[in-house]
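Notes for the one structure printed next.
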Amino acid sequence: MTSPTTPILTVHNLSAVFPDNNGGLQALDRVSFQVYPREFLAVLGPSGSGKSTLLRIIAGLLQPTEGKVSFGDHRQPRIGMVFQQATLMPWRTVIQNIMLPLELDGTDPQQARARARELIDLVGLQSFENHWPRELSGGMAQRVAIARALIHDPDLLLLDEPFASLDALTRERMWAELLRIWQARQKTVIMVTHSISEALFLADRVIVFSARPGRVKLDLNVDLPRPRTDEMRYTAHFGRLARRLKDTIE
Amino acid sequence: MSLMVVHKLTQQFRRSVVLSSRGIMATLTQRVIALRSWLGGLSVLLFLATWHLATRYGGLPAFILPSPAAVGQRFLRAVMEGLLIEHTLITLLEVMVGLVTGASLATLIGYGVAKSRLLENLLAPYLVASQAIPMVAVAPLLIIWFGPGLFSKFLICALIVFFPVLINTVVGVRAVPKVYYELMRSLRATRRQTLLKLEVPAAMPILLGGLRIGATLSVIGAVVGELVGSDRGLGYLIYVGRSQYDTALVFVAVFTLIAMALGLYGLVTLLEKTLLAWQEQPRL
Ligand SMILES: Nc1ncnc2c1ncn2[C@@H]1O[C@H](COP(=O)(O)OP(=O)(O)OP(=O)(O)O)[C@@H](O)[C@H]1O
Ligand SMILES: [Mg+2]
């Protein structure tokens with residue numbers, strides 16, 4: 001058993017260099033941090049600072065050039081990932097896309113379908129379950145991808161700018177849902193975002209990356225009480241935290 | 001609370017818009033299709049009329065250009081005698097066996113080539129050569145080696161189908177976006193699952209494109225083989241018709257071949273319609 005004080009994920013001295021024509025392109029430079037069980041971590045940083053690369057390394061999709069990623073109980077946790085690009089399979093309907101992780105698990109199709117319906121309700125796509133991805137808007141497709149990342153009840157959620165193409169109303173609804181799921185299901189979340197207020201509203205901790213090569217420039221504890229409310233976003237303390245993040249990024 | 005209501009309303013509105021626009025699309029599409037087939041029929045009629053007039057007033061002897069009526073009569077006679085059906089079935093058998101074996105082998109090997117640099121490098125010279133060699137030139141050799149029977153025709157058809165299907169398989173499999181592989185890996189999919197749930201459906205459009213080309217080529221392969229050396233099949237019928245100055249019979253055989261190629265083409269199209277429903281765009 002892991003006690004709450006042992007990290008579920010340790011990123012140690014991680015460097016990533018992509019081969020190119022002049023000596024390699026360094027995306028990450030000796031990045032280290034730890035994530036504790038049930039923590040909600042947000043990662044901020046300028047474009048090209050290696051945020052997506054970091055998630056891909058944690059998910060085991062990419063080997064780091066140096067350093068390592070280790071998990072608390074020494075085995076890869078179940079991962080739910082929302083990629084930065086849309087990754088819906090165009091030959092699957094909305095509900096079939098959402099069911100994919102359960103299909104790969106060998107879950108009973110009846111059960112998988114019922115579970116997928118719950119998630120379709122959650123992301124507000126009730127009347128679209130049998131539509132093809134090409135019939136969806138960008139924001140709708142992203143919501144399908146979020147539902148798919150949640151369906152198999154993963155331990156670790158890796159979200160790469162999951163709300164980037166949503167309108168403000170939907171985005172805030174999704175924030176609330178994400179917080180609800182995160183609290184109810186006791187998941188660990190690492191979310192990349194470009195939005196300071198999104199990071200502060202959702203996360204326990206915010207890591208800020210420097211411009212390429214990505215280095216941890218700031219590891220900020222977000223000491224806002226939970227549950228987070230809309231009003232908190234207009235408090236002086238929220239403003240101070242936002243100011244700090246903004247100054248670090250610039 | 002009120003947010004939810006607005007949300008529900010928007011969705012209802014969206015749904016009704018989608019439904020009604022679909023209805024309009026459907027009737028429009030139907031009308032366009034009706035118009036198209038009407039125009040198609042008209043152009044065939046025009047063609048037949050021109051043909052008829054050319055034979056009537058062109059002063060050409062029947063062994064050069066038989067009239068449409070003569071061809072029709074010859075067709076009926078050939079059917080009655082059982083001649084046409086027998087030879088058509090033989091050619092169809094050659095076409096189908098060649099197509100199925102050629103396409104299956106090409107898909108298997110194509111997948112291997114797409115996945116392994118080693119295999120690609122090993123096979124590259126043969127693949128390039130097989131594209132460069134005109135089948136018509138190799139057909140006599142195959143008949144010398146394997147005799148004038150069905151087997152040499154199977155082989156010619158399979159060989160002629162092989163290359164385009166193989167190329168399309170390689171292209172189709174290589175074109176699967178990398179991020180889908182990452183998705184499958186993040187979900188710990190097995191090799192087999194990645195093949196069945198990602199690679200096969202993702203490559204399907206290009207694969208079927210290869211099959212479509214292959215189907216038409218297979219008909220060509222069968223006829224070439226039969227013309228070079230055979231005592232059966234529509235190609236043989238063409239040969240017989242020519243040597244007996246029975247040009248109407250040549251026409252009958254040619255039209256039957258066209259019908260066969262179109263039928264196969266239609267079959268692949270049908271397959272595309274069912275397998276690629278996700279791709280279908282509303283057409284105007
Ligand atoms: N597969 C790859 N091959 C080569 N270079 C890559 C690859 N993936 C990323 N890079 C490079 O690594 C750097 C970091 O990329 P990454 O996608 O991690 O940035 P990011 O922080 O996610 O940026 P953004 O906010 O724009 O999404 C970039 O300069 C990019 O060009
Ligand atoms: Mg990124």
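Only residues that are surrounded by fewer than 17 Cβ atoms within 10 Å (Cβ to Cβ) and within 15 Å of ligand 2 (Cβ to nearest atom): list them for the range A:169-214, please.
If the condition is that a residue be surrounded by fewer than 17 Cβ atoms within 10 Å (Cβ to Cβ) and within 15 Å of ligand 2 (Cβ to nearest atom), then A:H194, A:S195, A:A211 are the ones that fit.
Looking at the range A:87-111 only, could you name the residues that are assigned to a loop (DSSP other than H, G, I, E, B), more than 9 Å from chain B (Cβ to nearest Cβ) and either touching a Ser or Thr at 6+ places or on another chain (Cβ under 9 Å) or of a type in the set (S, T, N, Q) (or both)?
If the condition is that a residue be assigned to a loop (DSSP other than H, G, I, E, B), more than 9 Å from chain B (Cβ to nearest Cβ) and either touching a Ser or Thr at 6+ places or on another chain (Cβ under 9 Å) or of a type in the set (S, T, N, Q) (or both), then A:T107 is the only one that fits.
Quick check on the range A:48-86: of everything there that is free of Cβ contacts under 8 Å to residues at least 12 places away in the same chain and open to solvent by 30 Å² or more (accessible area, probe 1.4 Å), which residue is nearest to the chain's Cα centre (by Cα)?
Here the answer is A:R56.
Assess whether A:L41 counts as being away from chain B (no Cβ under 14 Å), in contact with a strand residue (DSSP E or B) (Cβ under 9 Å, 6 or more places away or on another chain), more than 8 Å from ligand 1 (Cβ to nearest atom) and not charged (D, E, K, R).
yes
If you take the residues in the range B:189-200 that are surrounded by fewer than 19 Cβ atoms within 10 Å (Cβ to Cβ) and within 9 Å of chain A (Cβ to nearest Cβ), which one is farthest from B:A277 (Cα to Cα)?
The extreme case among them is B:T190.
Does A:G139 satisfy being in a helix (DSSP H, G or I) and open to solvent by less than 30 Å² (accessible area, probe 1.4 Å)?
yes
Before we move on, is A:G23 out of contact with any Leu (no Cβ under 7 Å at 6 or more places or on another chain) and away from ligand 2 (no atom under 16 Å from the Cβ)?
Criteria met by A:G23.
Select from the range A:114-134 the residues that are more than 9 Å from every other protein chain (Cβ to nearest Cβ) and under 21 Å from B:M184 (Cβ atoms) and write down the one among them that is most open to solvent (accessible area, probe 1.4 Å).
Filtering first and then ranking leaves A:R115.
The values are calculated or read from the model by the stated rules, or taken from the named source; none is laboratory data. Just so it is clear, the model here is predicted, and its values are computed rather than measured. Methodologically, a virtual Cβ is constructed for each residue, glycine included, from the backbone with ideal geometry; neighbour enumeration extends over all protein chains shown. In case anyone asks, the SASA skips ligands and DNA or RNA and just uses the protein heavy atoms, side chains included. Shrake-Rupley method; radii C 1.70, N 1.55, O 1.52, S 1.80 Å.
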